[in-house]
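The values are calculated or read from the model by the stated rules, or taken from the named source; none is laboratory data. Since this is a predicted model, take the numbers as computed values, not measurements. Cβ placement follows ideal geometry from the backbone for every residue including glycine, while neighbour counts extend to all protein chains displayed. For accessibility, only protein heavy atoms count, side chains too; no ligands or nucleic acids. Shrake-Rupley method; radii C 1.70, N 1.55, O 1.52, S 1.80 Å.
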Amino acid sequence: MTSDVLSRLTDILEARRQSSPEESYVASLHHKGLNKILEKVGEESIETILAARDAEQSGETDKLIYETADLWFHSLVMLSHLGENAQSVLDELERRFDLSGLEEKAGRESK
């Protein structure tokens, strides 16, 4: 189910990338360039962090879920802008299933 949602969203993002910046938020981000997209990813990251902190204190996670969705969405726009998509990330996560977190980290440090 998750892959289906990501696949559908990838298709929508690609189609909207080709749209007019006046008619599509996604197209407007692509039109403004990578720095604007990265600015949005950074903004959403901060909002997600703050929502997580608040959720820990309040026990309410609705805002955390909302902000995480925004972060994922803008991360997917970033990937699209750079010619990648959600499947690339899913493939990387799947590759890591047979590794412990410590092994994966050690592999990155040796590169």
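Structural remarks
- Residues that are in contact (Cβ under 8 Å) with a residue 12 or more places away in the chain and of a type in the set (Ser, Thr, Tyr), drawn from the range 64-92: TYR66, THR68, SER75, SER80
- Subset tally (residues that are charged (D, E, K, R) and either open to solvent by less than 40 Å² (accessible area, probe 1.4 Å) or under 14 Å from the mean Cα position of the chain (by Cα) (or both)) for the range 17-50: 5
- Within the range 1-16, being surrounded by 12 or more Cβ atoms within 10 Å (Cβ to Cβ) and over 16 Å from the mean Cα position of the chain (by Cα) holds for ALA15, ARG16.
- Within the range 69-87, the set of residues being modelled with pLDDT under 95, part of a helix (DSSP H, G or I) and either of a type in the set (A, V, I, L, M) or open to solvent by less than 90 Å² (accessible area, probe 1.4 Å) (or both) comprises just one member, ALA86.
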